[in-house]
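Scroll down for the structure; my scribbles are underneath it.
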Amino acid sequence: MPEVSKHPKHRRSSQLQQRLRRKLGTAIADYELLDDGDNVLVALSGGKDSWIMLDLLLNLCRHAPIRFSISAATVDGGFPLFDPKPIREKCADLGIPHVLLPAPIKPVIEAKPEYSPCAMCSRLRRGVLYSHMREVGQSKLALGHNLDDIMETLLMNLFYEGRLSTMPLKLISNDGAITVIRPLGTCDESEILEYNNLRGYPIIHSGCPLGLCSAPTSKRLQMKKLIRDLNTDAPDLRRCMLRAMSNVKTTHLLDRDLLNLPKELAK
């Protein structure tokens, strides 16, 4: 009798895995995120997105027509409440090589109160990962940003930065040594959250005492609320915004640098 009661949960988990893996696989194919022989470093923060990205990449690794390997790295920003032990233990259970990268992010943020602490923390963590990858000879970094993150960034840049841009699914570093990929970039946050709850991965918070990312004044939270409210009247909002970001008409924008583009590029 107890086994029968588990069936709906297992069935739902399998459905979500298939749906998310299909979206991830399509993104990988469309944007050429993976190549044969890649050694992918997963930035594993311990949040839901990074866990599910690892889960789906591991599943894909067993079935994909190309061969690639996976390892994980966690940046310890020096916040006193951060506990990486569950991350290390879960990676050991999964048989995934894992490295903890200590970084004095907390004192750097405290020393520069004039800058956005969340943006600075993100840049510093990326720098730590880049340095580690150069040391060990890795060149592909997977970040766990989902479709909601990308939509929110688009609106934040539009409303507060005066530019039309977001986080791309594939980005090559300035020196060409590292390629950043976002395999979950077309996956809805709600499905990722539900799948993680079903899979039971340990959610580890950064331990940041500032709590600015979750404050009511957070621009990202404001954009999240805006998208949620608009979605009430436009249920297909996320897919429409995704299509819009993939269907840019440069001739119908106001950037003067685009005026003299060759016709094949000015679409």
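The values are calculated or read from the model by the stated rules, or taken from the named source; none is laboratory data. No experiment lies behind these values; they were computed from the predicted model shown. Don't worry about glycine lacking a Cβ; one is built from the backbone with ideal geometry, like all the others, and counts go over all protein chains shown.
What to note about this one:
- Residue selected from segment 121-147 under the condition touching a residue at least 24 places away in the same chain (Cβ under 8 Å) and polar (S, T, N, Q), by the criterion nearest to residue 179 (Cα to Cα): 139
- Check on residue 110, free of Cβ contacts under 8 Å to residues at least 60 places away in the same chain, in a loop (DSSP other than H, G, I, E, B), surrounded by fewer than 16 Cβ atoms within 10 Å (Cβ to Cβ) and among the acidic types (Asp, Glu): no
- Condition met for residue 50 (crowded, with 16+ Cβ neighbours inside 10 Å, part of a loop (DSSP other than H, G, I, E, B) and of a type in the set (S, T, N, Q)): no
- Taking the criterion of being within 12 Å of residue 78 (Cβ to Cβ) and in contact with a strand residue (DSSP E or B) (Cβ under 6 Å, 6 or more places away or on another chain), the residues of segment 101-137 that qualify are 101, 102, 103, 125, 128.
Results for (1) of a type in the set (D, E, K, R); (2) closer than 23 Å to residue 39 by Cα, shown as yes or no for each residue.
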position	(1), (2)
54	no, yes
64	no, yes
70	no, yes
82	no, no
95	no, yes
116	no, no
125	yes, yes
133	no, yes
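- Test: residue in segment 142-161 that is in contact with a strand residue (DSSP E or B) (Cβ under 9 Å, 6 or more places away or on another chain), modelled with pLDDT of 95 or more and not hydrophobic (A, V, I, L, M, F, W, C): yes
- Any chance residue 175 is out of contact with any Ser or Thr (no Cβ under 9 Å at 6 or more places or on another chain), under 29 Å from residue 37 (Cα atoms), at pLDDT below 95 and among the acidic types (Asp, Glu): yes
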